[in-house]
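Worksheet: the structure to be examined is printed underneath.
Read-outs: derived from the displayed coordinates by stated rules, not from any lab. All figures in this text were calculated on a predicted structure; none of them were measured in a lab. Note that we place each Cβ from the backbone using ideal geometry, even for glycine, and neighbour counts take in every protein chain shown.
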Amino acid sequence: MSPEHYFSAQPATADERRELDVRLAGRELSVTTARGVFSADHVDQGTSVLLPLIQDDDAPGDVLDLGCGWGPIALSLALQRPHQVVHAVDVNERALDLVRLNASHLGVTVRASLPDAVDPDLRFTEIWSNPPIRVGKEALHELLLRWLPRLAPGGVAHLVVQKNLGSDSLHKWLESGVLPGTSTTRTTTSKGFRVLSLRSSG
């Protein structure tokens, strides 16, 4: 699939849907995916590195899946964090429709929205993302500069990035002072991917 498809608000490919068996939150589940969304035929390898870091949590708060695709991260958060409000953001309207469909099927609540529809005053205790590296460095930085400052005091963002697609340069950029009051650590390295965790000091 051309990456332009899932970066588009309305993919040009036909909305051909299919059922997919996946393992999320320690459960074997069936979800619906479709052409024109990111990793439509499986859980992306980078996402699979990120998902085990999601721990059960009874604390309240708002959490965000940034660039949600059909929803593996958002759905896992909703399954494991019943007391938290899970938000899923994507520019791809087909992906958002799939997140809503999958959440309803699984009996969980996910607030799936286009970026501009999210309350600008909302702050997140956690942000989880397999960010769209292939949009290019400038667009990626713009995306992160829009959302990472919305961490609540003490909040943390977890970003999974393939090593050969610039995880080290992204780490250096995050540590360069572009986001004052934050610190970034590499928390996981697996299968050629690195998870960068950025914490806000508030």
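The figures follow:
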item: Among residues of region 165-202, those that are over 16 Å from residue 130 (Cβ atoms) and among the aromatic types (Phe, Trp, Tyr), counted; result: 1
item: Count - residues of region 27-43 that are surrounded by 17 or more Cβ atoms within 10 Å (Cβ to Cβ) and in a loop (DSSP other than H, G, I, E, B); result: 7
item: Region 58-85: number of residues that are surrounded by 22 or more Cβ atoms within 10 Å (Cβ to Cβ) and either in contact with a strand residue (DSSP E or B) (Cβ under 7 Å, 6 or more places away or on another chain) or farther than 12 Å from residue 112 by Cβ (or both); result: 16
item: Tabulated pairs, region 48-60, first assigned to a loop (DSSP other than H, G, I, E, B), second surrounded by 12 or more Cβ atoms within 10 Å (Cβ to Cβ), C-beta under 6 angstrom, 6+ apart or interchain; result: 54/76; 54/80; 56/80; 57/81
item: Listing of strands (runs of 3 or more DSSP E) fully contained in region 95-202 that carry 1 or more residues being within 18 Å of residue 50 (Cβ to Cβ) and touching a helix residue (DSSP H, G or I) at 6+ places or on another chain (Cβ under 9 Å); result: 124-129, 151-162, 182-190, 193-200
item: Of residues in region 146-195 being more than 15 Å from the chain's Cα centre (by Cα) and among the aliphatic types (A, V, I, L, M), the one nearest to residue 127 (Cα to Cα); result: 152
item: Flag for residue 160 being aliphatic (A, V, I, L, M), surrounded by 23 or more Cβ atoms within 10 Å (Cβ to Cβ) and in contact with a Ser or Thr (Cβ under 8 Å, 6 or more places away or on another chain); result: yes
item: Within region 111-131, tally of residues that are buried (at least 18 other Cβ atoms within 10 Å of the Cβ) and more than 16 Å from the chain's Cα centre (by Cα); result: 0
item: Region 89-110, residues that are within 15 Å of residue 29 (Cα to Cα), aliphatic (A, V, I, L, M) and surrounded by fewer than 24 Cβ atoms within 10 Å (Cβ to Cβ); result: 101, 103, 106, 108
item: Selection within region 60-105 - within 21 Å of residue 148 (Cα to Cα) and acidic (Asp, Glu); result: 62, 65, 90
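Per-residue answers, yes or no, for (1) among the hydrophobic types (A, V, I, L, M, F, W, C); (2) farther than 17 Å from residue 152 by Cα; (3) without any contact (Cβ under 8 Å) to a residue 60 or more places away in the chain:
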residue: 45; (1), (2), (3): no, yes, no
residue: 99; (1), (2), (3): yes, yes, yes
residue: 108; (1), (2), (3): yes, yes, yes
residue: 128; (1), (2), (3): yes, no, no
